[in-house]
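S.K.: This is the structure I have questions about; it appears just below.
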Amino acid sequence: MTPDEYCQDRTAKSGSSFYYSFLFLPEAQRKAITALYAFCREVDDVVDECSDADLARSKLSWWRAEIFGTFDGKPNHPVCQALTTSIANFNLPKEHFIEIIDGMEMDLQQTRYHTFAELNLYCYRVASVVGLMAAEIFGFEDHTTLDYAHNLGLAFQLTNILRDVKEDAERGRIYLPLEELEKFTVSEQDILDNHCTDNMKKLLDFQAQRAQGYYDKAFALLPEADRYAQRTGLIMANIYQTTLNTIQRDSCQVLSQRISSAPLKKLWIAWRTARTEKRRHRKFLASR
């Protein structure tokens, strides 16, 4: 198995919504974003699948060293071997990869966030930085597109946090800011016990509205000239917003189940969005 095949297999088996958006990219971009996603999965799994925190820290330290080695032309892991081509072809700073690892390590250091400002830093490291690198791979003319990517990354991560409230609680983690739990008179135990009350629903609705606000902000920032180049992010956004819309119809369902669209539906959303963006791009070119 080649490094690119390893990354492709890693991404396909993840079942992530991201996989369906990658299908509509040219080969070089598809390989680059697949390698980046595979890297994110590797370091994320270190934290999620390793019950020994000290061992997880050691593994993340290994990944830091591996990133430095990769940028020195000496990659060992198949993912980093695949990333060498991406790094050569696209503007993917070493510091961004390290920041992603730092974000993953935050999960080993804390299981609660007192304010949204604290949570915002975590979201930036594990999601917005990935969005910034993805925007570089997809290509852009206007640097405002990077602001779009930053905000879209936040929207994705806030959607994930809301979707995974039950799963995270089972791991002892609560990402919803504690000052907001207090504001809505919801206790940590209410979340750990999956206890749905009127106040809990108001808290979850508030989180959903915030996530939607970041989608709206991201879309408003995306220049028309860069929409088609960034269509992969728009495909991901439509898939993620489908999940968010389902949650918004009854936010308390996240306390009892993990909300997700079926693979066929994700593929249909991806195809529909790609087709829509292609038509929109043609009209834009004709109007120039």
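S.K.: Return yes or no: is ASP54 modelled with pLDDT under 90, in a helix (DSSP H, G or I) and not assigned by TED's automatic domain parsing to the domain that holds CYS123? Show your work before the answer.
M.R.: On the way: modelled with pLDDT under 90: no; in a helix (DSSP H, G or I): yes; not assigned by TED's automatic domain parsing to the domain that holds CYS123: yes.
When the stated conditions are applied, ASP54 does not pass them.
S.K.: Which ones in region 259-288 are outside any helix (DSSP H, G or I) and either touching a residue at least 60 places away in the same chain (Cβ under 8 Å) or of a type in the set (Val, Ile, Thr) (or both)? Full working, then the answer.
M.R.: Taking region 259-288 as the starting set, the residues that turn out to be outside any helix (DSSP H, G or I) are 259-262, 288.
Listed by number, the residues that qualify are ILE259, SER260, SER261.
S.K.: Right, something else. Go through ALA149, ALA135, ALA65, ALA127 for me and flag whichever is assigned by TED's automatic domain parsing to the domain that holds SER51 and at pLDDT 95 or above. Write out each step before concluding.
M.R.: Values: ALA149 fails: assigned by TED's automatic domain parsing to the domain that holds SER51; ALA135 fails: assigned by TED's automatic domain parsing to the domain that holds SER51; ALA127 fails: assigned by TED's automatic domain parsing to the domain that holds SER51.
Going through ALA149, ALA135, ALA65, ALA127 in turn, the sole match is ALA65.
S.K.: Then there is this: Write out, first by first residue and then by second, each pair whose Cβ atoms fall under 6 Å of each other, whose residues are 6+ apart or on separate chains, and whose first residue, in region 228-247, is in contact (Cβ under 8 Å) with a residue 12 or more places away in the chain while the second is buried (at least 22 other Cβ atoms within 10 Å of the Cβ) and among the polar types (S, T, N, Q).
M.R.: The qualifying pairs are THR232/SER21; ILE235/SER21; MET236/SER21; ILE239/SER17; TYR240/THR159; LEU244/THR159.
S.K.: Follow-up. In this structure, is ILE191 at pLDDT below 95 and among the aliphatic types (A, V, I, L, M)? Walk me through it before giving the result.
M.R.: Values: at pLDDT below 95: yes; among the aliphatic types (A, V, I, L, M): yes.
Against the criterion (at pLDDT below 95 and among the aliphatic types (A, V, I, L, M)), ILE191 qualifies.
S.K.: If the requirement is being crowded, with 24+ Cβ neighbours inside 10 Å, over 12 Å from the mean Cα position of the chain (by Cα) and either among the acidic types (Asp, Glu) or not in a loop (DSSP other than H, G, I, E, B) (or both), which of these qualifies: ALA155, ALA135, ALA169, ALA149? Outline the logic, then answer.
M.R.: Numbers: ALA155 fails: over 12 Å from the mean Cα position of the chain (by Cα); ALA169 fails: crowded, with 24+ Cβ neighbours inside 10 Å; ALA149 fails: over 12 Å from the mean Cα position of the chain (by Cα).
Only one candidate passes the filter, namely ALA135.
S.K.: Within region 222-230, is even one residue in the same structural domain as LEU146 (by TED's automatic domain parsing), at pLDDT 95 or above, of a type outside the set (Lys, Arg) and in contact with a Gly (Cβ under 7 Å, 6 or more places away or on another chain)? Outline the logic, then answer.
M.R.: Here is the first cut: in region 222-230, the residues in the same structural domain as LEU146 (by TED's automatic domain parsing) are 222-230.
So of that shortlist, the ones also at pLDDT 95 or above come out as 222-230.
Then drop every residue that is not of a type outside the set (Lys, Arg), which leaves 222-226, 228-230.
Subsequent filtering for residues that are in contact with a Gly (Cβ under 7 Å, 6 or more places away or on another chain) retains 229.
Looking for residues that are in the same structural domain as LEU146 (by TED's automatic domain parsing), at pLDDT 95 or above, of a type outside the set (Lys, Arg) and in contact with a Gly (Cβ under 7 Å, 6 or more places away or on another chain), one finds at least one in region 222-230, hence yes.
S.K.: Pull out all pairs, ordered by first then second residue, where Cβ-Cβ is under 9 Å, the residues are six or more apart or on different chains, the first lies in region 83-96 and is over 18 Å from GLY131 (Cβ atoms), and the second is of a type in the set (Val, Ile, Thr).
M.R.: Filtered contacts from region 83-96: THR84/THR70; ASN89/ILE137.
S.K.: From the list CYS252, CYS196, which residue is in contact with a Cys (Cβ under 6 Å, 6 or more places away or on another chain), surrounded by 15 or more Cβ atoms within 10 Å (Cβ to Cβ) and either in a helix (DSSP H, G or I) or modelled with pLDDT of 95 or more (or both)?
M.R.: Values: CYS196 fails: either in a helix (DSSP H, G or I) or modelled with pLDDT of 95 or more (or both).
Step by step, each of CYS252, CYS196 is checked, and only CYS252 is in contact with a Cys (Cβ under 6 Å, 6 or more places away or on another chain), surrounded by 15 or more Cβ atoms within 10 Å (Cβ to Cβ) and either in a helix (DSSP H, G or I) or modelled with pLDDT of 95 or more (or both).
S.K.: With in a loop (DSSP other than H, G, I, E, B) and in contact (Cβ under 8 Å) with a residue 12 or more places away in the chain as the only criterion, which of PHE39, PHE24 stands out? Can you show your working first?
M.R.: On the way: PHE39 fails: in a loop (DSSP other than H, G, I, E, B).
From the options PHE39, PHE24, the qualifying one is PHE24.
S.K.: Sort out which residues of region 258-288 are closer than 30 Å to LYS166 by Cβ and loosely packed, with under 11 Cβ neighbours inside 10 Å, and write them in order of number.
M.R.: Of everything in region 258-288, those that are closer than 30 Å to LYS166 by Cβ and loosely packed, with under 11 Cβ neighbours inside 10 Å turn out to be ALA262, LEU264.
S.K.: Given (1) out of contact with any Ser or Thr (no Cβ under 9 Å at 6 or more places or on another chain); (2) farther than 30 Å from PHE22 by Cβ, identify the lone condition not met by GLY213.
M.R.: (2)
The values are calculated or read from the model by the stated rules, or taken from the named source; none is laboratory data. Computed from a prediction, not measured in an experiment: that's the story for all the values here. Note: ideal-geometry Cβ built from the backbone for every residue, glycine included; neighbour counts use all protein chains shown.
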